[in-house]
Amino acid sequence: MAKAFDMVLFGGGGDLSLRKLIPALYRAFIEGGLDKGTRIFPVCRRQEDADAYMNTAQQALKTHLRDGEYSDKQWKAFSPLLRAVSLDISKPDEQWDVLVDLLGNDVERTRLFYLAIPPAVFGPCCENLSVKGLIHENSRVVVEKPLGYNAKTSDEINSKIAEYFREESIFRIDHYLGKETVQNLLALRFSNVLFEHLWDAKTIDQIQISINETVGLEGRAGFYDDTGAMRDMVQNHLLQLLCLIAMESPNSMSARNIRSEKIKVLEALRPLTDDDVDENIVRGQYVAGGLGEELVPGYLEELKAPNSTTETFVAIRAHIDNWRWTGVPFYLRTGKRMEKRCAEIVIQYKNVSHSVYQPEAGEVLPNRLVIRLQPEESIKLVLMAKKMDSLTMELQPVELNLSLSETYDSFKSDAYKRLMLDAAANNSALFIHRDEVAAAWAWVDPIMDRWRETNNQPQLYRAGTWGPQASNQLLAENGHHWFNP
Ligand code: BG6
């Protein structure tokens, strides 16, 4: 259990706090992961919101926790940890003094400043924390993506934060790294000799990493339209997953070792510029379609802006130019309003070098390792075997299936819970270093530049499908196809 700490939650009344952070803290508390002496100070701009906060937080828990997780009794035990304050982040006026008094001056006690606020106010917020003398040696700041709009703006934001906090005290969250199954990916790779030896271009034919969502804009129209799938999902979550799949074994699981291996992957990613962008990336936008029983509107109708060309889908064929991966295509895909919600990594092995069976035995299909990150977390290995109960030799694919969600009944993965507790315990292994953010933008920027320069128009796809047809063609050019769940 982390030692009792203080957390100041800027943007305490915002969507992220109410949907994810307060539920994660509640969950940590009822599971015994949060010391009773921990204090959480959600910050609201208006006094009325601070006054009503306990009610707001309770309602948020009822709405966003899983069935059966909320109880009045647990709320009664948890709620004394919360104490909302009201202040204007950008003005160091006397309202801040309430926070100063509440925090006191125990420099031994860990202090987390969680900036669940727009990056434009990170600077003033950190400055006022400093002016008010609130940053001490055990203070850390936790920030969320989007960290900027491109390499330049991201660097500006990072430089601003760095004026007040040392890099070791800055915890940049990519919530995908807090997912239980994503950590399991590392365990799978680095604790099994089987995969240690079968993880390179000699044995692997192609790798697919997909994060497919069925949701649309979810009330975030303004933000999403300025951002698009490339910045919202590829620059961070997808590239992080790619790093974990492709990186060399770190010497240890220390934050420094993991980070340096991840950066090497990002630096070895073959740059996509000019024509390469058009040839290797498909950009899409959904139009109205059927999602299950439901008919959902298209992106432009949802947005209520007929001319937007923002992408809600991206498919990329990427290559990593190093000894381990040369020649292996990495297909990355993400989209909103896709046919199914599913985040999955598929590793398709090469075929056996020589088939010893007669053609009547059937085709020998390549092995496939499928790591399902969500929902219904599982790890599946597709192998070839003999068809049982058959007198002739017939081959068929069979699955070794480790269904994590079925095996662990009480499996309640919560990335934010894990990451907040790690930040409190000063464990930065699952957080992103400034250099990683810069390396990811360095790869993404020329792609976005090309789209802007060529006035790229997204390819349309019907909601409830697997994206534009061009995304299938992209893989077909290499004789491949998407392994849709
Ligand atoms: C967020 C994106 O970072 O990740 C959202 O901003 C996206 O657009 C979300 O929906 C997906 O996260 P998860 O954990 O639901 O897969």
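The values are calculated or read from the model by the stated rules, or taken from the named source; none is laboratory data. In this text, all values refer to a predicted model and were calculated from it rather than measured experimentally. As a convention, Cβ positions derive from the backbone with ideal geometry for all residues, glycine included, and neighbour counts pool all protein chains shown.
The figures follow:
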read-out: Residue match in segment 103-111 (condition: in contact with a strand residue (DSSP E or B) (Cβ under 6 Å, 6 or more places away or on another chain) and buried (at least 21 other Cβ atoms within 10 Å of the Cβ)); value: yes
read-out: Flag for Gly292 being surrounded by fewer than 13 Cβ atoms within 10 Å (Cβ to Cβ) and over 26 Å from Leu186 (Cα atoms); value: yes
read-out: Complete set of residues in segment 216-230 that are within 11 Å of the ligand (Cβ to nearest atom), surrounded by fewer than 21 Cβ atoms within 10 Å (Cβ to Cβ) and assigned to a helix (DSSP H, G or I); value: Phe223, Thr227
read-out: Matching residues, segment 146-166, being away from the ligand (no atom under 16 Å from the Cβ), surrounded by 19 or more Cβ atoms within 10 Å (Cβ to Cβ) and in a loop (DSSP other than H, G, I, E, B); value: Tyr164, Phe165
read-out: From Val356, Val370, residue being more than 29 Å from Leu188 (Cα to Cα), out of contact with any His (no Cβ under 9 Å at 6 or more places or on another chain), away from the ligand (no atom under 16 Å from the Cβ) and hydrophobic (A, V, I, L, M, F, W, C); value: Val356
read-out: Residue among Asn280, Asn236 that alone is within 20 Å of Met448 (Cα to Cα) and within 16 Å of the ligand (Cβ to nearest atom); value: Asn236
read-out: Failed item in (1) more than 26 Å from Met230 (Cα to Cα); (2) over 19 Å from the mean Cα position of the chain (by Cα); (3) of a type in the set (Ser, Thr, Tyr), with Thr465 passing the rest; value: (1)
read-out: Test set (1) out of contact with any helix residue (DSSP H, G or I) (no Cβ under 8 Å at 6 or more places or on another chain); (2) aliphatic (A, V, I, L, M); (3) crowded, with 16+ Cβ neighbours inside 10 Å - Ala476 fails condition number; value: (3)
read-out: Unique residue being away from the ligand (no atom under 16 Å from the Cβ), among the polar types (S, T, N, Q) and assigned to a helix (DSSP H, G or I) when the list is Asn184, Asn128; value: Asn128
read-out: Enumeration of residues in segment 438-473 that are among the small types (Gly, Ala, Ser) and surrounded by fewer than 18 Cβ atoms within 10 Å (Cβ to Cβ); value: Ala438, Ala442, Ala470
read-out: Whichever residue in segment 15-41 is of a type in the set (D, E, K, R) and outside any helix (DSSP H, G or I) and, among such residues, is modelled with the highest pLDDT; value: Arg39
read-out: Test for Val143: is it within 16 Å of the ligand (Cβ to nearest atom), in contact with a strand residue (DSSP E or B) (Cβ under 9 Å, 6 or more places away or on another chain), assigned to a helix (DSSP H, G or I) and on the phi < 0 side of the Ramachandran plot; value: no
